[in-house]
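See structure below.
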Amino acid sequence: RDGHAIPHPQLEIRQQATLHGPLIREHTMLQSFNARTQEPFGSSIAPTSAAELEAAIQAADLAFDTWQASDGATRAKLLNALAEAIEHDREKLVELADTETGLGPVRLNGELDRTAFQLRRFATLAETGGAFAFTDDPAVAGAPPAGHPHMMRVRVPLGPVAMFSASNFPFAFSVLGGDTASALAAGCSVVVKAHSGHLHTSQRVFEQSQHAIAKLGLPKGLLQMVQGAGNDVGVNLIKHPRIAAGAFTGSTRGGAALRDAARARVRPIPFYGELGSINPVVATPAALKAGGDALVQTLAGSITLGCGQFCTNPGLLVLQRSAESTEFVNHLVEALKTQKPHAMLTKAMRQSLDHGTAAQLAAGAKALLHTPVAEINPNPYLAEVDAATFMAQHALQEEVFGPATLVVWTDSVEQTLDVLHTVGGSLTVTLWGAEQESADAKRLVRGSTAIAGRVLFAGVPTGVAVTAAQQHGGPWPSSTEPMTTSVGDAALDRFLRPVCLQDMPAWLHKRQGQPC
């Protein structure tokens with residue numbers, strides 16, 4: 001799902017020494033491409049050198065020294081100003097993003113709105129004290145264990161955060177996306193690794209951000225950005241001793257490599273990666289019959305929405321064998337035939353889709369809808385396989401990023417649960433048919449919650465609301481830290497570390513959880 005670890009084949013490279021980690025391969029220039037035509041777009045951009053990377057991290061570290069002690073009102077002013085900045089530049093930003101991603105102005109305007117909403121929501125959280133939550137435990141006289149001194153549990157910002165942008169959300173999971181917004185609200189500075197799939201969009205968002213920061217008289221090091229087509233810049237960023245945490249949205253392979261680099265440091269740091277997910281949809285025969293054609297059309301739309309380039313794309317449809325299930329799948333095939341997905345984000349992603357579907361067919365899946373084309377606009381893909389084969393073949397359990405779904409046929413609730421157990425970890429599970437309490441419904445709910453961060457009982461998994469109760473993260477391989485979320489209010493918690501203050505002086509107690 002990301003391009004962080006995939007250098008573009010047209011880029012020549014040469015090596016340059018760096019102070020930290022392995023050598024950085026310095027690409028001659030970075031080139032953006034028109035997503036629809038794959039023609040070069042705009043002027044080339046110089047990649048970040050080792051010296052520039054070092055300077056960006058040092059600036060972020062210097063800015064953190066004062067930002068960590070900022071109050072909620074100051075953080076809110078910054079986040080609100082960043083929201084206003086991208087809204088003011090909406091027309092040009094959407095134009096650039098549409099060319100580089102092919103996602104269309106309607107989708108991109110909605111995504112920009114969401115990005116501004118996220119920034120303002122975290123501004124509100126900071127201003128109302130969400131970043132400064134504390135537990136005050138007054139002293140109790142007497143000997144332990146009942147007696148104890150005055151203690152206050154507070155939370156302090158971690159430090160400069162390395163944020164890795166996603167390919168499929170050029171605004172909402174990019175330079176000013178949820179990771180950046182939540183880190184700034186927590187009191188951390190941010191160094192963004194921009195995605196090579198939308199170079200000019202990222203550069204313009206960053207420039208607008210810098211203008212907003214300067215107008216407020218805040219240090220420009222609060223938000224820094226680096227660029228590079230390969231994985232060298234990213235690895236050196238996450239390994240730098242001044243970086244205190246990492247946040248990533250992308251492929252399992254890329255995320256795992258960065259996670260390993262974060263853990264291999266002399267002082268390991270937390271790495272919050274949102275990775276691959278196949279998002280099973282489990283449906284009972286009764287639910288399919290009741291949903292009828294409306295459910296067919298809804299699922300077909302979800303499979304192809306955004307050309308299937310969502311981390312919550314329904315990549316697995318788990319059905320018990322029945323006449324109702326067979327009829328539903330037949331209608332789904334016909335509905336998918338009418339869908340016309342737009343161009344994929346990059347040529348590499350288009351090739352990856354073909355590789356993934358071919359791997360499924362080679363592993364025993366039977367194609368129900370498979371009409372390969374050479375264009376960057378793919379056709380929808382649907383295949384089927386029995387549960388035993390699915391559980392035996394690892395290739396069938398891999399995420400296929402794009403408008404592709406695999407139907408897995410089961411013979412019982414027990415086998416359905418076995419399939420879910422085989423999946424192991426997913427951002428979502430959608431469970432249709434649990435409206436009435438029963439032993440089977442309880443078992444399916446338990447099986448779904450065991451592997452997913454979010455369980456839906458109606459609708460489809462595409463679409464992740466920015467709310468207080470949202471959980472966007474699940475067991476491996478969907479994320480590296482299943483106890484955390486990259487979307488919603490709780491995303492703030494990732495960048496705050498608990499500290500107990502015992503018998504603190506009065507002036508420190510009066511700060512009520514705000515770092516000094």
Given (1) charged (D, E, K, R); (2) out of contact with any Lys or Arg (no Cβ under 6 Å at 6 or more places or on another chain); (3) at pLDDT 95 or above, index of the condition Glu375 fails: (3)
Qualifying residue in the stretch 79-95 (condition: in contact with a Gly (Cβ under 9 Å, 6 or more places away or on another chain), surrounded by fewer than 23 Cβ atoms within 10 Å (Cβ to Cβ) and either part of a helix (DSSP H, G or I) or touching a residue at least 24 places away in the same chain (Cβ under 8 Å) (or both)): no
Strands (runs of 3 or more DSSP E) wholly inside the stretch 373-472 that include at least 3 residues being open to solvent by less than 60 Å² (accessible area, probe 1.4 Å) and under 26 Å from Thr249 (Cβ atoms): 404-410, 426-432, 452-456
Residue check for Ile45: open to solvent by less than 50 Å² (accessible area, probe 1.4 Å), closer than 19 Å to Val235 by Cβ and touching a residue at least 40 places away in the same chain (Cβ under 8 Å): no
Filter result for Lys347 (among the basic types (Lys, Arg) and in contact with a Phe, Trp or Tyr (Cβ under 9 Å, 6 or more places away or on another chain)): yes
Test: residue in the stretch 109-125 that is farther than 20 Å from Ala186 by Cβ and open to solvent by less than 20 Å² (accessible area, probe 1.4 Å): yes
Residue within the stretch 215-226 that is free of Cβ contacts under 8 Å to residues at least 24 places away in the same chain and among the small types (Gly, Ala, Ser) present: yes
One residue from Ala212, Ala183, Ala194 being crowded, with 24+ Cβ neighbours inside 10 Å, out of contact with any Pro (no Cβ under 8 Å at 6 or more places or on another chain) and either in contact (Cβ under 8 Å) with a residue 60 or more places away in the chain or polar (S, T, N, Q) (or both): Ala183
Of all residues making up the stretch 202-238, the number that are farther than 21 Å from Leu78 by Cβ and either of a type in the set (S, T, N, Q) or in a loop (DSSP other than H, G, I, E, B) (or both): 6
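The values are calculated or read from the model by the stated rules, or taken from the named source; none is laboratory data. On a predicted model such as this, the values are computed, not experimentally measured, just so you know. Positions of Cβ are generated from backbone atoms using ideal geometry, with glycine treated the same way; all protein chains shown enter the neighbour counts. Protein only, heavy atoms only, side chains kept; ligands, DNA and RNA dropped before computing areas. Shrake-Rupley method; radii C 1.70, N 1.55, O 1.52, S 1.80 Å.
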